[in-house]
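Here the structure comes first, spelled out in structure tokens, and everything after it is commentary.
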Amino acid sequence: MSAEPEQTADAAATITAYPDGPLLVRGDFALVTPDGRAIETRRGAVALCRCGRSGRKPFCDGTHRAVGFRSQP
């Protein structure tokens, strides 16, 4: 893994795709449903599911490891 960008409270959002894992979103961001409802995050960083199997969608719950998810190179 590479070095993480330094963040401040007002930093623009950064999205890091972890190999064979989630998308980690950090900084100033908002998550909304397709119909525009806000999804509460409760913190300045969240891991979003990429494998499609999480029981906590859109958040990652680690299921990618159990199902052998592999991201594209």
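Bear in mind that the values in this text are calculations on the coordinates, not laboratory data. These numbers come from a predicted model, not from an experiment. Because the Cβ atoms are built from the backbone with ideal geometry, glycine has one as well, and the counts that use them run over all protein chains shown.
Miscellaneous remarks
- Mean residue ellipticity (222 nm) of the chain, computed from DSSP H runs ≥ 4 via -39,500 (n - 2.57), nearest 500: -1500 deg cm²/dmol
- Shown is the FRET efficiency for ASP61 and VAL32, computed with R0 = 35 Å from the Cβ-Cβ distance and rounded to the nearest 0.05: 0.95.
- Of the peptides 46-55, 11-20, the ranking by mean beta-carbon count within 10 Å, highest at the top, reads 46-55, 11-20.
- Shape of the chain, Cα gyration tensor, a/c cut at 1.5: oblate
- Around GLY68: net Lys/Arg minus Asp/Glu count, Cβ-Cβ under 14 Å: +3
- Across the options THR16, GLY52, THR33, the greatest Cα extent toward the positive end of the charge dipole of the chain (unit charges at beta carbon of Lys, Arg, Asp, Glu) belongs to GLY52.
- Close amide-amide hydrogen proximity is noted between LEU31 and ILE39, each under 5 Å apart and 5 or more residues distant or on a separate chain (H modeled in the peptide plane; Pro and chain starts excluded).
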